[in-house]
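Peer 1: Here it is: the structure, laid out below.
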Number of protein chains: 2
Amino acid sequence: MRPYEKDPAAIYAASFATVRAEAALDRFPQDVAELAVRVIHACGMVEIADRLAFATDVAHSAIAALQTGAPVYADCEMVASGITRRLLPEATEIRCTLNDPRTPDLARDLGTTRSAAAVDLWDTDGAVIAIGNAPTALFRLLERLDGGAARPAAILAFPVGFVGAAESKAELAERPRQTPFLTLRGRRGGSAMASAAVNALGILSAGGVQ
Amino acid sequence: MRPYEKDPAAIYAASFATVRAEAALDRFPQDVAELAVRVIHACGMVEIADRLAFATDVAHSAIAALQTGAPVYADCEMVASGITRRLLPEATEIRCTLNDPRTPDLARDLGTTRSAAAVDLWDTDGAVIAIGNAPTALFRLLERLDGGAARPAAILAFPVGFVGAAESKAELAERPRQTPFLTLRGRRGGSAMASAAVNALGILSAGGVQ
């Protein structure tokens with residue numbers, strides 16, 4: 001059996017030191033770089049730094065919202081489950097409407113996925129949105145914004161996969177509807193990345209890094 | 001706004017058709033290929049097919065165990081949260097001991113991470129193990145097997161990150177301790193991949209694909 005590092009603090013320090021040494025972070029504002037670092041840490045891929053698209057004010061806007069009581073909406077339970085509660089302001093509500101009893105009927109009525117229908121139950125106004133699974137959730141959110149829904153404080157968009165993921169994130173990056181955003185272009189994504197971005201906001205909000 | 005596919009069945013079919021068309025699956029037995037397809041679907045990366053290491057009997061062993069009531073152990077709540085309950089036999093217990101009240105003290109006593117200490121609370125005998133976060137959980141599991149712990153039915157190992165992830169998975173792939181396994185070599189991994197592998201077992205177990 002090969003030896004391995006068991007000390008949590010040493011693992012934590014070495015992990016983030018590796019990300020900072022290897023990832024190309026120069027083009028990010030300092031606060032957005034913290035989000036990038038945590039997203040990279042969650043997926044083990046430093047090269048995704050080059051595929052992240054963002055608004056320069058995304059961290060600032062999201063943190064200001066969280067500090068004044070904004071909720072976080074997650075598109076699936078895995079994203080909610082990956083958010084470290086204690087990092088966020090005590091009043092922050094983490095909401096996921098995918099398993100809301102109204103969602104299946106809504107999906108049927110709208111002729112869409114449950115993930116998209118769940119978005120219709122979100123109060124988008126000033127909220128922090130974390131999407132880590134479903135492209136249709138991101139598409140539906142953008143449709144709602146086009147239809148006049150109140151702007152979120154930030155959209156953290158990491159839908160993943162082979163149908164609509166790249167397309168929904170390109171739509172967001174090209175036409176962000178005046179909403180601060182962070183997204184990873186292409187097929188890659190996932191709930192761990194979305195949760196990591198929210199956790200980074202919590203750390204920044206508590207003054208942990210800046 | 002660009003048009004997008006809203007029909008869940010069409011999205012599902014197109015997603016898996018893309019994975020099967022693009023991923024190099026020839027070297028996998030048919031049942032293990034189903035696990036590979038689901039893991040790829042969960043992360044959006046067809047190229048990981050080339051980095052998967054496995055025992056040819058991993059799916060067979062895990063399915064037989066699940067069908068006779070074996071539990072699934074997950075190293076973190078995100079993995080547990082990503083497992084689709086209804087796909088598994090009704091009696092299957094999904095267990096995660098990371099937040100067990102005994103775990104923090106155990107970690108302190110052992111001088112290790114909570115993730116590793118949580119493994120000491122697992123009854124490994126014939127269980128299906130799904131690791132999607134912590135390299136130290138996989139290292140500790142291998143240590144326990146070296147120390148005489150009963151063999152699991154299967155180890156699905158997808159710890160992720162920059163300290164110990166590649167090393168722990170290499171240790172498993174090179175010396176699997178007579179235990180059927182599936183793992184992704186290198187830094188990449190994550191809870192979505194681990195959950196997807198378990199979900200694939202459920203589908204195979206119900207005769208959904210074979």
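Peer 1: Out of A:ALA197, A:ALA192, which single residue is buried (at least 22 other Cβ atoms within 10 Å of the Cβ), closer than 24 Å to A:GLU90 by Cα and touching a Leu at 6+ places or on another chain (Cβ under 6 Å)?
Peer 2: Exactly one of A:ALA197, A:ALA192 is buried (at least 22 other Cβ atoms within 10 Å of the Cβ), closer than 24 Å to A:GLU90 by Cα and touching a Leu at 6+ places or on another chain (Cβ under 6 Å), namely A:ALA197.
Peer 1: Among the residues of segment B:34-45, are any within 14 Å of chain A (Cβ to nearest Cβ), without any contact (Cβ under 8 Å) to a residue 12 or more places away in the chain and over 15 Å from the mean Cα position of the chain (by Cα)?
Peer 2: Yes - at least one qualifying residue is present in segment B:34-45.
Peer 1: Output yes when any residue across segment B:88-101 is modelled with pLDDT of 95 or more and within 10 Å of another protein chain (Cβ to nearest Cβ), and no when none is.
Peer 2: The answer is no; no qualifying residue exists.
Peer 1: Also: Scan segment A:150-191 residue by residue and report those that are under 17 Å from A:ALA62 (Cβ atoms), of a type outside the set (Phe, Trp, Tyr) and part of a loop (DSSP other than H, G, I, E, B).
Peer 2: Across segment A:150-191, the qualifying residues are A:ALA150, A:ARG151, A:PRO152, A:ALA153, A:PRO176, A:ARG177, A:GLN178, A:THR179, A:PRO180.
Peer 1: How about segment B:67-111: which of its residues are acidic (Asp, Glu) and either within 18 Å of B:LEU156 (Cα to Cα) or touching a helix residue (DSSP H, G or I) at 6+ places or on another chain (Cβ under 6 Å) (or both)?
Peer 2: If the condition is that a residue be acidic (Asp, Glu) and either within 18 Å of B:LEU156 (Cα to Cα) or touching a helix residue (DSSP H, G or I) at 6+ places or on another chain (Cβ under 6 Å) (or both), then B:ASP75, B:GLU77, B:GLU93 are the ones that fit.
Peer 1: Those residues that are of a type in the set (A, V, I, L, M, F, W, C) and surrounded by fewer than 20 Cβ atoms within 10 Å (Cβ to Cβ), I need them from segment B:56-80; list them, please.
Peer 2: B:ALA64
Peer 1: Let me ask you something else. Go through the residues of segment B:27-48 one by one and say whether even a single one is loosely packed, with under 15 Cβ neighbours inside 10 Å, polar (S, T, N, Q) and part of a loop (DSSP other than H, G, I, E, B).
Peer 2: Checked against the condition, which is being loosely packed, with under 15 Cβ neighbours inside 10 Å, polar (S, T, N, Q) and part of a loop (DSSP other than H, G, I, E, B), segment B:27-48 yields no hits at all.
Quick grid of which residues meet (1) at pLDDT 95 or above; (2) more than 25 Å from A:ALA42 (Cα to Cα); (3) within 11 Å of chain A (Cβ to nearest Cβ):
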position	(1), (2), (3)
B:ALA118	yes, no, no
B:ASP146	yes, yes, yes
B:ARG151	yes, yes, no
B:GLY164	yes, no, yes
B:ARG175	yes, yes, yes
B:PHE181	yes, no, no
B:ARG187	yes, no, yes
B:SER191	yes, no, yes
B:LEU204	yes, yes, no
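Peer 1: Can you find a residue in segment A:127-134 that is touching a Lys or Arg at 6+ places or on another chain (Cβ under 9 Å), under 16 Å from B:GLY44 (Cβ atoms), at the interface with chain B (Cβ under 7 Å from one of its Cβ atoms) and crowded, with 24+ Cβ neighbours inside 10 Å?
Peer 2: Scanning segment A:127-134, I find no residue that is touching a Lys or Arg at 6+ places or on another chain (Cβ under 9 Å), under 16 Å from B:GLY44 (Cβ atoms), at the interface with chain B (Cβ under 7 Å from one of its Cβ atoms) and crowded, with 24+ Cβ neighbours inside 10 Å, so the answer is no.
Peer 1: Scan (1) free of Cβ contacts under 8 Å to residues at least 40 places away in the same chain; (2) among the aliphatic types (A, V, I, L, M); (3) out of contact with any helix residue (DSSP H, G or I) (no Cβ under 8 Å at 6 or more places or on another chain) for the single condition B:ALA64 breaks and write down its number.
Peer 2: In the conditions (1) free of Cβ contacts under 8 Å to residues at least 40 places away in the same chain; (2) among the aliphatic types (A, V, I, L, M); (3) out of contact with any helix residue (DSSP H, G or I) (no Cβ under 8 Å at 6 or more places or on another chain), B:ALA64 misses (1) alone.
Peer 1: Let me ask something additional. Taking segment B:49-85, which residues are within 23 Å of B:ASP120 (Cα to Cα), outside any helix (DSSP H, G or I) and within 14 Å of chain A (Cβ to nearest Cβ)?
Peer 2: Passing the criteria: B:ALA74, B:ASP75, B:CYS76, B:ILE83.
Peer 1: Being more than 30 Å from B:VAL39 (Cβ to Cβ) and β-branched (Val, Ile, Thr) is the filter here; which residues of segment A:164-202 pass it?
Peer 2: The one that is more than 30 Å from B:VAL39 (Cβ to Cβ) and β-branched (Val, Ile, Thr): A:THR179.
Peer 1: Another question, if that's okay. Quick one: would you say B:THR124 is assigned to a loop (DSSP other than H, G, I, E, B), more than 8 Å from chain A (Cβ to nearest Cβ) and buried (at least 17 other Cβ atoms within 10 Å of the Cβ)?
Peer 2: Yes.
Peer 1: Out of the residues in segment B:6-25 that are in a loop (DSSP other than H, G, I, E, B) and buried (at least 17 other Cβ atoms within 10 Å of the Cβ), state the one that is nearest to the other protein chains (Cβ to nearest Cβ).
Peer 2: B:LYS6
Peer 1: Residues in segment A:150-180 that are surrounded by 22 or more Cβ atoms within 10 Å (Cβ to Cβ) and under 25 Å from A:GLY202 (Cα atoms): how many?
Peer 2: Number of matching residues: 12.
Peer 1: Let me ask you something else. Under 16 Å from the mean Cα position of the chain (by Cα) and hydrophobic (A, V, I, L, M, F, W, C), is that true of B:PHE139?
Peer 2: When the stated conditions are applied, B:PHE139 passes them.
Peer 1: I've got another one for you. Answer yes or no: is there a residue in segment B:108-116 that is crowded, with 24+ Cβ neighbours inside 10 Å, of a type in the set (A, V, I, L, M, F, W, C), at pLDDT 95 or above and over 15 Å from the mean Cα position of the chain (by Cα).
Peer 2: There is at least one residue in segment B:108-116 that is crowded, with 24+ Cβ neighbours inside 10 Å, of a type in the set (A, V, I, L, M, F, W, C), at pLDDT 95 or above and over 15 Å from the mean Cα position of the chain (by Cα).
The values are calculated or read from the model by the stated rules, or taken from the named source; none is laboratory data. What you see is a predicted model; the values in this text were computed from it and never measured. Every residue, glycine as well, gets a Cβ built from its backbone with ideal geometry; the counts of neighbours run over all protein chains shown.
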